[in-house]
Amino acid sequence: MAGETTQKKRGMRRTVTGKVVSDKMDKTITVRQERLTKHPLYGKYIRRASTYKAHDENNTARMGDTVEITFCRPLSKTKTWRLVKVIRSDRLAEAERAAEGGEG
């Protein structure tokens, strides 16, 4: 019993993948999540979007990056998400586009 620790395990936290649309604030990014939903009557797919403010401690994410954020305790009036990781950097995508354009 002495070796056991009494820690509560956290449940599965909600995570969202989206694109950074603003990084002008200090330690805060605005992430836009787009999804397609089917119209209940007409069946046409409609593009819906939600925006979240997330805490970015080291200011690593830049505008245009694809990031993963997770739900956390309220950090301010509107900020209840934090950055988990940068999935795809926009700078990397620009370099790949430039390399493809230069070959052909």
Estimated inter-spin distance, Tyr45 and Arg73, nm [label 7 Å along Cα→Cβ]: 4.0 nm
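When Lys and Arg each count +1 and Asp and Glu each count -1, what net charge do the other residues less than 12 Å away from Leu36, Cβ to Cβ, add up to?
Details: positive: Arg35, Lys38, Lys44, Arg47, Arg48; negative: Glu34.
Surrounding charge for Leu36 is +4.
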For the chain, convex hull of alpha carbons as volume per residue, Å³: 215 Å³
Rounded to 10°, Cα long-axis angle of helix 90-103 versus longest principal axis of the chain: 30 degrees
For the chain, built as a Gaussian network whose Cα springs stay under 10 Å, the top-fluctuating residue of Glu34, Glu68, Glu94: Glu94
Fluctuation leader among Thr78, Thr17, Thr66 - the chain, Gaussian network, Cα springs under 10 angstrom: Thr78
Ordering of 25-31, 39-45 by burial proxy (mean other Cβ atoms within 10 Å per residue, highest first): 25-31, 39-45
Under-5 Å amide H pairs with Thr80, H placed in peptide plane, nonlocal only: Lys53, Leu75
Too-long pairs where the Cα-Cα distance tops 32 Å, listed order kept, from Lys9/Lys85; Lys9/Lys38; Lys24/Lys44: Lys9/Lys38; Lys24/Lys44
Long-range amide H partners of Ser22 with built H, under 5 Å: Thr30
Choice from Arg48, Arg91, Arg62 with maximal GNM fluctuation in the chain (Cα, 10 Å cutoff): Arg48
Spin-label model distance (nm) - Thr37 vs Arg62, 7 Å beyond Cα toward Cβ: 3.4 nm
Phi-based couplings in Hz for region 44-55 (Karplus 6.51, -1.76, 1.60; Gly and Pro marked x): 6, 7, 10, 7, 10, 9, 10, 10, 10, 9, 10, 7
Helix-only [θ]222 nm of the chain, DSSP H runs n ≥ 4, -39500 (n - 2.57) each, per residue, nearest 500: -4500 deg cm²/dmol
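Just so you know, all these numbers are worked out from the coordinates, no wet-lab data involved. Values in this document were obtained by computation on a predicted structure and should not be read as measured data. Here the Cβ is made from the backbone with ideal geometry for all residues, glycine too, and neighbour counts use every protein chain on show.
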